[in-house]
Each structure stands twice: as C-alpha cells, then as structure tokens.
1. For region 26-128, what does the relative contact order come out to in percent, with C-alpha contacts under 8 Å and a separation of six or more?
2. So how tilted is helix 120-169 from the main axis of the chain? Cα-based, degrees 0 to 90, rounded to 10.
3. Strictly over 26 Å apart at the Cα level, which of LYS67/LYS239; LYS67/LYS139; LYS56/LYS109; LYS56/LYS78; LYS79/LYS139; LYS67/LYS108 would you flag in this model?
4. Name the most mobile residue of MET20, MET157, MET189, meaning the one with the largest mean-square fluctuation, in a Gaussian network model of the chain with Cα contacts below 10 Å.
5. Rank LEU95, LEU16, LEU127 by mean-square fluctuation in a GNM of the chain with C-alpha springs under 10 angstrom and give only the top-ranked residue.
6. Tell me what the chain gives for mean residue ellipticity at 222 nm when only DSSP H runs of n ≥ 4 count, each as -39,500 (n - 2.57), the sum divided by the residue total, rounded to 500 deg cm²/dmol.
7. So between ILE66 and LEU47, what do we pick up on full extension, going 0.36 nm a residue minus the alpha carbon distance?
8. Can you give the Rg to Rh ratio for region 179-218, taking only C-alpha atoms and Rh from Kirkwood?
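The values are calculated or read from the model by the stated rules, or taken from the named source; none is laboratory data. Worth saying up front: this structure is predicted, and the values here are computed from it rather than measured. FYI the Cβ positions are ideal-geometry reconstructions off the backbone, even for glycines, and counts take in every protein chain you see. Heads up: the accessible areas ignore ligands, DNA and RNA and are worked out on the full protein's heavy atoms, side chains in. Shrake-Rupley method; radii C 1.70, N 1.55, O 1.52, S 1.80 Å.
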Amino acid sequence: MDLGSVIGLVLILGLLFGAMAMGVGVGAYIDIPSVLIVIGGSIGALLVAFKMEQMKNFVKIFMIAIKPPQENIPELIKKLVDYSTQARRDGILSLEAAANNEENEFLKKGLSMAVDGNEPDTIRELLEIEMEQTSERHKANAAIFDQWAGLAGAMGMIGTLIGLVAMLLNMSDPSAIGPSMAVALLTTMYGAMIGNIFGTPIANILNIRDADENLVKTIILEGIMSIQAGDNPRTLEAKLLSFLPPNERVSQFE
C-alpha cells in the first residue's frame, strides 16, 4: 500500500465526517436525490465518455493508485550489472536461461531479443513502442478520474438548479422549501467532494505511477542496449545510477 495515498484519503474523509458530526450530525448531509444526481449522473456520463472495457477496470485502476506495483530500482540496476558481467565473461548467449526465468516481462522481452541476436535499433524500436503504448493506456485510465472530477462538479451544479427550480415552484408551500434547498446545496457539496477527494487527486497519482513505471522501463532499455553493446559493467552501472537521485546512487563496485 502507498501509505501517503491511504493516509491522505482517510484523513480527508475523517476530518470531513468529523466536522459534520460535531455540527448538526452526519445524517443531515445525506440526501438520496442528491446522491442519484451526482454519483449516478457522473458515472452514467463516464459510461458515455469512455469505452466499456475501460470502465470495467474502474476499481482495478483505483487500486493501482492505492497499491501500485513495486520495483526496487537499486536491485534492478544490480541485476542488470550482473547480467552485463556475465555477458562479457561468458558471451550474451549465456543469458538465455536468465531471460527465460526473468519475472519482469519488459526485461524478459528485451533480454530475449538481445540473446536472439536482434539488431540494436530493432530492439530499441520495439521496446520504445511498448513503452509508448503502455504509457498511453495509463494516461487514458488516469483521464477517467480527471473527467470524473469535472463531471461530478457539473452534475452538482445541475442538481443545484433542479433544487432551486423545485424550491421556486413551491414557494407557497413552506414544507417543500427545505427538501428542495437540501437538494440544491448537497448536490454541489457531493460534486465538490467527489472531484477534489477522488477525481483530481487519483488522476494525478496515476500519472505519477505512469512516470515511475516509465523510469523503470527506461533503465531496463538502457541496460539491455549496454549489455548487447558489450559495455564495461562499471560504465553500465554509472549510466543507470544517473537516473537516481544523488543520495540513492550506491555502487556495488565500491
């Protein structure tokens, strides 16, 4: 779990519901028509705006924001340096077994192409295409939540207008003014909450997850290219460590 994301969501919801409870109580902020307008309306609009295949993965995409795949970059660099050392000592064909047993699919693909004797330009082109297409899919997934933020806010405004119209039509009946005002105000609140607690923040962290994964794949790509070129392992390590912040650059040769 990404503790920052989890703590942030719990903190926001805890403070909001705590403030409600200390006021007039949480029950006063629950209005079913408002829920139907904002949540139902925004989800329905998302179904129009995105493919069903994307929407089926809605919960899965949300969980990536909370529990992202983990990659130990220093260990990855060490592994690539070890592969480079083995390739220089025993030849690149000696990495065939390592490629077959590799768990990282991107590294497995690149290493296998290098072992098979593909041209460097071909390997780089194919791996870069995969990186680009994967990143495009990730950005499309993040766009769902970014769009949700805007749609929830818009549905909140629509709900406000619905409530105000109902209130104006029933000005002669004081008992109808309260429920109409509740719809008018609470839909705006629901829209703002969804947009600013789930929509925009989740879209932003998903884009960060995409950048993190792209960094890992860039390190792998450069490692594969250096291994195939027969670069000195020390040179390879220095190149790959340059992708890390200075305080994280620890050489295994020191």
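1. Values: 32 pairs, mean separation 12.3, N = 103.
Dividing the mean separation by the residue count of region 26-128 yields 12 percent.
2. 10 degrees
3. Details: LYS67/LYS239 30 Å; LYS67/LYS139 17 Å; LYS56/LYS109 28 Å; LYS56/LYS78 38 Å; LYS79/LYS139 29 Å; LYS67/LYS108 24 Å.
Over 26 Å Cα-Cα: LYS67/LYS239; LYS56/LYS109; LYS56/LYS78; LYS79/LYS139.
4. MET20
5. Looking only at LEU95, LEU16, LEU127, the biggest GNM fluctuation is shown by LEU16.
6. Working: 12 runs with 191 residues, N = 254.
After summing the helix terms and dividing by the residues of the chain, the value is -25000 deg cm²/dmol.
7. Numbers: separation 19, 0.36 × 19 = 6.84 nm, distance 2.29 nm.
Value of the extension gain: 4.5 nm.
8. On the way: Rg = 16.9 Å, Rh = 12.1 Å.
Rg divided by Rh gives 1.39.
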